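**Student:** Questions regarding the structure given below will be posed in turn.
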Amino acid sequence: MSDNTGKFKKAMRPIDVWGLALGAIIGWGCFVLPGSAFLPKAGPLGTAAGMLIGALLIIIIALSYGYLIRKFPLSGGEFIYTKEAIGKRNAFVCGWGMILAYWSLIPLNATALALISRFLFPGIVQQGLLYQIAGWDVYAGEVVLASAFIIIMALVNIRGIKQAAWLQTAIALTLVGCICIVTFLVMCSSDWSNLTPGFPDSRRWWKGVFSIVAMAPWAFIGFDCIPQSAEEYNFSHKKSTGIMISAILVAAILYIAVCAVTAVGLEPWQQLLAERHNWPTGHVVRNTLGIAGLSVLGIAMFCAVVSGMNAFYISTSRLMYAMAIEGSLPKWFSHISPKYGTPKNAIIFIMCASLFAPWFGREILLWIVDMTSVGAAIVFAYTTASAAIISRKNGDKVQMWIGWFGCLCSIFFLSLLIIPGMPGYLTFQSRVVLLVWIAIGVLFYLNIRKSYVKGQN
């Protein structure tokens with residue numbers, strides 16, 4: 001650590017870390033994708049099955065994370081684990097994928113506020129039409145709204161981890177409570193026969209299930225935020241495994257609950273989708289519970305957006321700090337504010353980079369997010385392989401086999417995304433974005449390799 005840096009403050013309680021993980025997992029997608037992706041691809045039963053299978057596979061991967069957190073309780077998480085087990089070159093690949101996956105979710109969550117406002121307050125924020133990009137109308141009012149939240153969350157994170165952690169916990173608990181209330185009231189007020197058929201008529205049931213499983217790295221990305229703040233725990237790192245598993249299971253239940261709310265509605269779910277509502281979940285809740293119920297759903301979605309932004313600010317900044325310490329990013333990112341104990345420079349950079357995003361429209365950002373599942377799957381593979389290698393050196397055969405099995409699960413996720421014809425195969429636009437990011441990473445690595453690698457394999 002350089003002389004001009006302070007130290008991280010150990011201010012995160014177990015509930016704060018749990019809130020960090022759950023808030024990162026449950027973002028805008030939990031509320032928007034049931035009507036636009038989950039139900040069209042897999043139906044209610046297929047979505048539930050795919051989410052549960054995906055959650056179980058992710059939990060297997062999380063076991064390796066818990067092991068490595070205990071061995072290396074340092075900021076940087078997967079980047080540090082890969083460096084220790086496989087070497088610096090592979091660590092750079094791992095970290096480069098993580099930066100995009102984490103950072104992209106900050107502006108995407110911010111732009112989700114426009115989606116909320118368009119439905120709850122039509123015409124209020126949609127002021128000053130600037131242009132249309134990829135079919136999405138970009139309004140000055142929505143740009144201002146998204147930018148304001150990006151700046152506010154940056155300031156919260158600069159002020160200190162204690163404030164950010166308290167905010168994360170409060171928002172995560174509110175999020176869970178609101179979803180439970182809406183789910184209970186809608187299910188009590190609806191005809192459960194609307195949930196049939198369990199699968200879409202247009203495709204085989206197993207393809208629908210596996211299309212949801214393919215989304216698991218993206219759907220559950222966020223549990224892996226836990227190791228990024230490992231230096232700031234005020235409790236034993238042995239608790240991290242249980243925290244991750246509980247966050248993943250609760251997240252899976254919440255995903256299924258919101259999907260069930262969307263499907264059960266006041267009409268059969270296939271009829272609902274055929275009507276092509278802008279936000280099917282919101283339409284169902286408003287028609288079933290009225291404005292009061294829609295307001296509770298809006299609070300839940302707002303909490304999901306804010307908690308997602310906060311969680312990925314914390315995680316991305318700690319990752320960039322760790323990479324800077326190791327020399328794979330400029331040293332400027334390693335500065336820790338002596339006053340607040342936070343990686344101030346990294347947070348400021350993330351804020352500035354995120355402020356460009358609202359100007360590109362939401363559809364362009366979705367292209368980026370669609371390919372983050374690839375990045376997440378690669379990172380999971382590196383982490384589980386690292387756990388297997390390190391545990392083998394330490395004589396822990398059980399963890400070694402858990403690690404290798406987790407690596408196979410990660411490769412399975414990756415195959416569903418990159419092999420043509422597979423249920424989760426990326427769109428053309430997402431493949432282009434992925435190739436561009438890889439090219440930038442290669443050029444950056446070639447520029448730093450002499451000083452970074454220093455002759456290591």
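The values are calculated or read from the model by the stated rules, or taken from the named source; none is laboratory data. None of the values given here were measured: they were computed from a predicted structure. Because the Cβ atoms are built from the backbone with ideal geometry, glycine has one as well, and the counts that use them run over all protein chains shown.
**Student:** Can you tell me which of 316, 241, 288, 281 is among the polar types (S, T, N, Q), part of a helix (DSSP H, G or I) and either over 27 Å from residue 105 (Cα atoms) or touching an Asp or Glu at 6+ places or on another chain (Cβ under 9 Å) (or both)?
**Tutor:** 288
**Student:** Would it be correct to say that residue 50 is crowded, with 24+ Cβ neighbours inside 10 Å, at positive phi and in contact with a helix residue (DSSP H, G or I) (Cβ under 7 Å, 6 or more places away or on another chain)?
**Tutor:** no
**Student:** All but one of (1) of a type in the set (Phe, Trp, Tyr); (2) closer than 23 Å to residue 84 by Cα; (3) modelled with pLDDT of 85 or more hold for residue 412, so report the exception by its number.
**Tutor:** Every condition holds for residue 412 apart from (2).
**Student:** Report those helices (runs of 4 or more DSSP H) wholly inside the stretch 1-76 carrying at least 2 residues which are at pLDDT 90 or above, within 19 Å of the chain's Cα centre (by Cα) and under 25 Å from residue 401 (Cα atoms).
**Tutor:** It comes to 39-71.
**Student:** Okay, next question. Please go through the stretch 157-191 and give me each residue that is among the hydrophobic types (A, V, I, L, M, F, W, C), touching a helix residue (DSSP H, G or I) at 6+ places or on another chain (Cβ under 6 Å) and surrounded by fewer than 19 Cβ atoms within 10 Å (Cβ to Cβ), ordered by number.
**Tutor:** Passing the criteria: 181, 185.
**Student:** Additional query: Please list, ordered by residue number, the helices (runs of 4 or more DSSP H) wholly in the stretch 152-224 having 3 or more residues that are at pLDDT 90 or above.
**Tutor:** Details: elements: 161-189, 205-214, 216-219.
Qualifying helices (runs of 4 or more DSSP H): 161-189.
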